[in-house]
Amino acid sequence: MSVLIFMKQPANEKKGKAASKGKRNLNKERTKEKILAAALELFREHGLEGTTTKQISRKAGIAEGTLFNYFKTKEDLALFFFQKETNDLIRWYGQSARLHDAPLPEKLFAIIHRQLEYIAPYEEFIGAVFFRSLQPRSKLSPLSLESQELRLKYLRFVSDILAQAEEKKEIPPIGELGAYAVGLFYMGIVTHWLHDPSEGKQKTLALLDRSLNLATNVLKKGGWDW
Amino acid sequence: MGLVKPKRSSLGRATRLARLGAGLTGSYLAYQLQRPFLNDGEKEERRQALGRKNARQIREDLQDLRGPIMKVGQALSMQTHLFDADVVQELAGLQMQAPPMHGSLMRAQFKGALGKYPEEVFASFEPEPFAAASLGQVHRAVTKRGEEVAVKIQYPAIREAIETDFRMLRTAGFAARLAGHLKESVIREAERGIIEETDYRIEARNLRHFATQLAPLPFVRVPKVHDDLSCERVLTMSRARGVRLQEFLQANPPQELRDRIGTGLTRLFFFQLFRVQALHADPHPGNYLLDQDGTIGLVDFGCVKYLKPEIVRCYAQFWSREWTNDSALFAEIIHVIFGPEVSPTEPRVRRCMAEIRSFYDEFHPLDGPSRALDLADSKFMDGLNALAKTLLKNKFLAPDFLFLSRTESGMCNLLHTLQARVATTQIAREWMPPIRKTGG
């Protein structure tokens, strides 16, 4: 529960930034994206373990030393990937007016499906990252300090959506537990997705749809007593 | 110990199935079993229906029938004579139906299949489906060229789910239990049919085949496939004019129009049977769209049965009745239609054929001036049902024959509801293939 202590605090990232600092940040961000794009392409060819930092810096067109200024390890690179993914998700959801009045199972479906679409071109990379994140000392581990900010962002995003559903009486109050449950559910879905041999990952889509419907119905009826 | 027989609740069965390995996505059957519990109103209704006493045993079996082998259930539901009205109603409600897809899933499915979202490839696209299909749902759309189309989109991984179910049904010995009602060959046929239905490219091929073959019948309309907007899991076709039977009847059409439509449906049936030798085999009334101008639109070609020539030939014999004086022909009919394991000399076979004979003589007489059969007459339907009952009771059900009789009785039900008068014998004989003389 420790993480959720922070959840009620508003994020204060955008406060008081000077214009020049903003520009510098933008440039920095662009370089990071360039490196990521180069790395993802190499990962697809050689795998996460098989790609060297030398290859990445050469492909991105920067000095190897500079690379380390941006990313100390490949795990930092992976974290950056997921930061981008989460930012993209939140931005996309904000713009998807169609979804805002949709029933909860559809909202959650659309969100998770969007995430799957985002990671779809990098399946092997995701698989390798998933495996790494199981190591307790990995920066990608759910328990690592480095990944907490990202996780909080996602949990806050989901818990807002669940709170709306509670307000609309779509589901009974489930409190903070809900966001955790969705987060875990997403990880389960990604695991299934990684091992899904069906064409176009059809089975994962079916699993996603039906488990969300079932879960919502079970919640609605107040548990399994039906 | 064992004083009280544990109640076999539907939920209990669902749980048992789940234990058998039918996972949440892996099984279409598991979904069908959950279905009554997913919706509150329906749940109560069904519980009440399930409580009715006299239908209990059959329902127990039918519960197990839900899901992919619903095709088998449908076959049973056509045999209205076997069950009480209660049960038939219950059965009719058990039409195969995939879970509904919300907009997000539908869009994901469409993009997964065709690489783009619907709004990118159509001029307009209705996000709400207008009909449920057995394996997905149908949306209205307008192409960029301005043509009104129907877009059928399949629910994800439905084929995998169906395959799992049939595998499980076999290992769990359901097939053996079902054998009390239907032969294994019929179940195999149902499986083949339903797996085929999951590939919309086959349906597109059927549509093209029927459009060509049925061209000599100007009053029949077959939807045109849009190949560029179709694939295995999405089927785009021109939207058919006309309305379903129930709606058609609400406008209280004159007898002349009823007769014309009825005659058209009958001609369509016999033309398919004797000329095309393939049947649009789903006799669901929703698959015929009737128009005020007397034309008939056919929809849903997922389930098409291509018939073997000998089946067609022998079926024609029911109408020609030449077998009554030809023992070799008689033996061939028994062999082809009822299956090789049935002997023509068995008394029950003779009794059954005599019943067929008297039914045809009464309602489709060969001699005398050709006259129209009044299908509104319940005597005819009773006769047809009695005949089907005899055939089913004796398990005279070669798979091809089942499809044929299913379509025929489906058509008769349709004509009965329509209250049409149709010169059936005359129409049947118009395209009947020449009977091969086998001697005697």
Breaking point among (1) surrounded by fewer than 19 Cβ atoms within 10 Å (Cβ to Cβ); (2) within 19 Å of the chain's Cα centre (by Cα); (3) not small (G, A, S), for A:L162: (1)
Subset of the range B:112-128 (residues that are open to solvent by 50 Å² or more (accessible area, probe 1.4 Å), more than 13 Å from chain A (Cβ to nearest Cβ) and assigned to a helix (DSSP H, G or I)): B:E120
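I'm trying to understand the selection: among the residues of the range A:97-106, which are more than 8 Å from chain B (Cβ to nearest Cβ) and without any contact (Cβ under 8 Å) to a residue 60 or more places away in the chain? Talk me through it step by step, then tell me what you get.
Step one: of the range A:97-106, the residues more than 8 Å from chain B (Cβ to nearest Cβ) are A:97, A:100-101, A:104.
Residues satisfying the conditions are A:A97, A:H100, A:D101.
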Test for A:Y180: is it of a type in the set (F, W, Y), more than 10 Å from chain B (Cβ to nearest Cβ), touching a residue at least 24 places away in the same chain (Cβ under 8 Å) and open to solvent by less than 50 Å² (accessible area, probe 1.4 Å): no
Residue identified as within 16 Å of the chain's Cα centre (by Cα), within 14 Å of chain B (Cβ to nearest Cβ) and farther than 24 Å from A:R91 by Cβ among A:G188, A:G200: A:G188
Odd one out for B:F330, checked against (1) modelled with pLDDT of 85 or more; (2) farther than 24 Å from B:T417 by Cα; (3) within 26 Å of the chain's Cα centre (by Cα); (4) open to solvent by less than 20 Å² (accessible area, probe 1.4 Å): (3)
Count of residues meeting criterion [in contact with a helix residue (DSSP H, G or I) (Cβ under 9 Å, 6 or more places away or on another chain) and open to solvent by less than 40 Å² (accessible area, probe 1.4 Å)] in the range B:201-218: 6
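In the range A:118-140, what residues are part of a helix (DSSP H, G or I) and open to solvent by 70 Å² or more (accessible area, probe 1.4 Å)?
Restricting attention to the range A:118-140, the residues satisfying the condition of being part of a helix (DSSP H, G or I) are A:118-132.
Answer for the range A:118-140, where residues must be part of a helix (DSSP H, G or I) and open to solvent by 70 Å² or more (accessible area, probe 1.4 Å): A:E124, A:F131.
Given A:F125, A:F130, A:F157, A:F109, which one is out of contact with any strand residue (DSSP E or B) (no Cβ under 8 Å at 6 or more places or on another chain), touching a residue at least 24 places away in the same chain (Cβ under 8 Å), among the aromatic types (F, W, Y) and within 14 Å of another protein chain (Cβ to nearest Cβ)? Lay out the reasoning, then the answer.
On the way: A:F125 fails: within 14 Å of another protein chain (Cβ to nearest Cβ); A:F130 fails: within 14 Å of another protein chain (Cβ to nearest Cβ); A:F157 fails: within 14 Å of another protein chain (Cβ to nearest Cβ).
Answer to the check: A:F109.
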Evaluation of B:D377 against (1) under 21 Å from B:T324 (Cα atoms); (2) surrounded by 14 or more Cβ atoms within 10 Å (Cβ to Cβ); (3) without any contact (Cβ under 8 Å) to a residue 12 or more places away in the chain (one fails), failing number: (1)
Looking only at the range A:30-69, and only at residues there that are more than 15 Å from A:Y122 (Cβ to Cβ) and polar (S, T, N, Q), the one that is least open to solvent (accessible area, probe 1.4 Å): A:S57
Residue under evaluation A:L143, criteria (1) outside any loop (DSSP other than H, G, I, E, B); (2) free of Cβ contacts under 8 Å to residues at least 12 places away in the same chain; (3) more than 10 Å from every other protein chain (Cβ to nearest Cβ), criterion not met: (1)
Residue count for the range A:203-215, restricted to those that are facing chain B (nearest Cβ under 9 Å) and touching a residue at least 24 places away in the same chain (Cβ under 8 Å): 6
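The values are calculated or read from the model by the stated rules, or taken from the named source; none is laboratory data. Values in this document were obtained by computation on a predicted structure and should not be read as measured data. Cβ atoms come from the backbone with ideal geometry, glycine included; neighbour counts cover every protein chain shown. Side chains are part of the model used for accessible areas, which takes the heavy atoms of the whole protein and leaves out ligands, DNA and RNA. Shrake-Rupley method; radii C 1.70, N 1.55, O 1.52, S 1.80 Å.
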